[in-house]
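Since every read-out is calculated from the coordinates, none of them should be taken as a lab result. Just so we're clear, the structure is a prediction, and the values are computed from it rather than from any experiment. Heads up, the Cβs are rebuilt from the backbone with ideal geometry, glycines too, and the neighbour counts pull from every protein chain shown.
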Amino acid sequence: MSETETKQPDPKPMGGQDGDSSDPDLNEQECGDQAQAMAEEVARWRDLAVRTAADFDNFRKRVAREREEAVRYGNQDLLEQLIPILDNFEMGMQAAASDTSSMIYIGMEMVRKQLAEFLVQQGVEEIPALGTAFDPNIHEAISEESDSGKPAGQVIRVTRRGFRLRDRLLRPANVVVAKA
């Protein structure tokens, strides 16, 4: 061997591998830090998984509730459009009531009963108004009149019937209210 080819001493410390420190306490410190970092990472992912599962469960419940409402109130627009037609039909019934034995009146009465049954099957009910206390949530006051026999705030006349679909208001009842 020549002088230039002389063997160089190994720069690694004896008995260690690449990156190993000769201080065993330092190695344990690094491992502890890594273990803690990994534990924090696991906790973060576990928290994310729990939150995602809760969000998904809430989403499922909301979709089920919205689907149920769509089924319960899906025909609300149709019923809102049918109510004025029913009002006009009732006015025709009042006009035909002068001859209750006529076939026209008898036929109209049969149709009125069928309409009433249909509305009940759909969950539509008439809002009680006459003789009740005025409620701005379901009644619309169109005027006040003095009526000595009625307490103030009581409905004394209904000018247009009101309806609700289950627990939703379709149309408020137009009423005349007694004033003090």
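Being touching a helix residue (DSSP H, G or I) at 6+ places or on another chain (Cβ under 7 Å) and of a type in the set (A, V, I, L, M) is the filter; apply it to the range 133-180 and report the residue that is surrounded by the fewest Cβ atoms within 10 Å (Cβ to Cβ).
The extreme case among them is L170.
Could you check the range 129-156 and list, in sequence order, the residues that are of a type in the set (A, V, I, L, M, F, W, C) and either at positive phi or in a loop (DSSP other than H, G, I, E, B) (or both)?
Taking the range 129-156 first, the residues of a type in the set (A, V, I, L, M, F, W, C) are 129-130, 133-134, 138, 141-142, 152, 155-156.
The answer is A129, L130, F134, I138, A152.
Taking the condition more than 24 Å from L79 (Cβ to Cβ), among the aliphatic types (A, V, I, L, M), over 32 Å from the mean Cα position of the chain (by Cα) and part of a strand (DSSP E or B), does I106 pass? Before you say what the answer is, go through the steps one by one.
Numbers: more than 24 Å from L79 (Cβ to Cβ): yes; among the aliphatic types (A, V, I, L, M): yes; over 32 Å from the mean Cα position of the chain (by Cα): yes; part of a strand (DSSP E or B): no.
For I106, the condition - more than 24 Å from L79 (Cβ to Cβ), among the aliphatic types (A, V, I, L, M), over 32 Å from the mean Cα position of the chain (by Cα) and part of a strand (DSSP E or B) - is not met.
If we scan the range 93-105, do we find a residue that is loosely packed, with under 14 Cβ neighbours inside 10 Å, β-branched (V, I, T) and in contact (Cβ under 8 Å) with a residue 12 or more places away in the chain?
no
Would a scan of the range 57-74 turn up a residue that is in a helix (DSSP H, G or I), out of contact with any helix residue (DSSP H, G or I) (no Cβ under 8 Å at 6 or more places or on another chain) and in contact (Cβ under 8 Å) with a residue 24 or more places away in the chain?
yes
Which of the residues that make up the range 113-132 are farther than 30 Å from E69 by Cβ and either within 32 Å of the chain's Cα centre (by Cα) or surrounded by 11 or more Cβ atoms within 10 Å (Cβ to Cβ) (or both)?
Passing the criteria: only L130.
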